[in-house]
1. Need one number: nm distance between label points at Ile15 and Ser194, each 7 Å from Cα along Cα→Cβ, rounded to one decimal.
2. Excluding residues fewer than 8 places away in the same chain, name every one of the lysines whose C-alpha is closer than 28 Å to that of Lys195.
3. Check which residues have an amide H placed less than 5 Å from Leu84's amide H, if you skip close sequence neighbours.
4. Could you identify which residue out of Phe128, Phe213, Phe87 has the top mean-square fluctuation in a GNM of the chain using Cα springs shorter than 10 Å?
5. Which residue fluctuates the most in the chain, going by a Gaussian network model with Cα springs under 10 Å, if the choices are Asn187, Asn64, Asn123?
6. For Rg and Dmax of the Cα atoms in Å, several values are listed as [x] 17.4, 50; [y] 16.1, 48; [z] 20.7, 62; flag the one computed from this structure.
7. At 1.4 Å probe radius, can you tell me the per residue accessible area of the chain in Å²?
8. How far apart, in nm, are the 7 Å Cα→Cβ label points at Glu91 and Glu25?
Amino acid sequence: MTGTIRVVVADDHPIVRDGLRALIEASSGIELLGEATTGDEAIDLARAVRPDVVLMDLAMPGRNGIEATREIAAKGYATAVLILTMFADDESIFAAMRAGARGYLLKDAGNEEMRRAIEGVGNGEAIFGAGVAQRMVGFFARARELGVQPFPDLTDREREVLAEIARGASNSTIALHLGISVKTVRNHVSTILSKLMVVDRAEAIVRAREAGFGVRDERPRQADA
């Protein structure tokens, strides 16, 4: 994405909204379109202003963040949801992913990590905060130790392509990263959709991210000395 990333903040705590508003206003290339205090308000705002990113709390009055995320994803808006919460348990993380969230970040993240997550999700990446990513990697590592491998029918190359899909990469980007042709990527994507028994790329992304594909540890990089 080029240009300004347009954001809606959904959180029922005024202090949190104040902090996010200050961060966004101080960030070049990010614009705040509006604020919501309930899941229903978040859905209405997403419908009305079509933001690039919704920063979504999980625990809100009325429909919660998971339900609001699912509704926004189901409408097919070109809006990515970045969960921003204090909940780091497996159930909350995977529920958010199943609902269609593009990222998951804890509220104790620093400003730079928060800014990077907004930019990443706004540009089509799947972003997970350091602690969340480590928890997910640990979860799937334990699954591998038990001999459980997600999507065993996929070939090694198809698994590489699926990981790129889960990060939100386009076919041309996948081709560049893996050193193969766009036509080959298209063939792999078609096969993957069939093997995963999903109808489209969006559903494949949800399934893949739920299984741990495309998870990135997005801690801010240290500047070179």
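The values are calculated or read from the model by the stated rules, or taken from the named source; none is laboratory data. Model, not experiment: these values are computed from the prediction. All Cβ positions, even for glycine, are placed from backbone atoms using ideal geometry, and neighbour counts span all protein chains on display. Quick note on the areas: whole protein, heavy atoms, side chains included, nothing else; ligands and nucleic acids left out. Shrake-Rupley method; radii C 1.70, N 1.55, O 1.52, S 1.80 Å.
1. 5.6
2. Hits, sequence-local ones excluded: Lys75, Lys183.
3. HN-HN under 5 Å from Leu84: Met56, Asp57, Leu58, Leu105.
4. Phe87
5. Asn187
6. So the structure-derived entry is [x].
7. 49
8. 3.9
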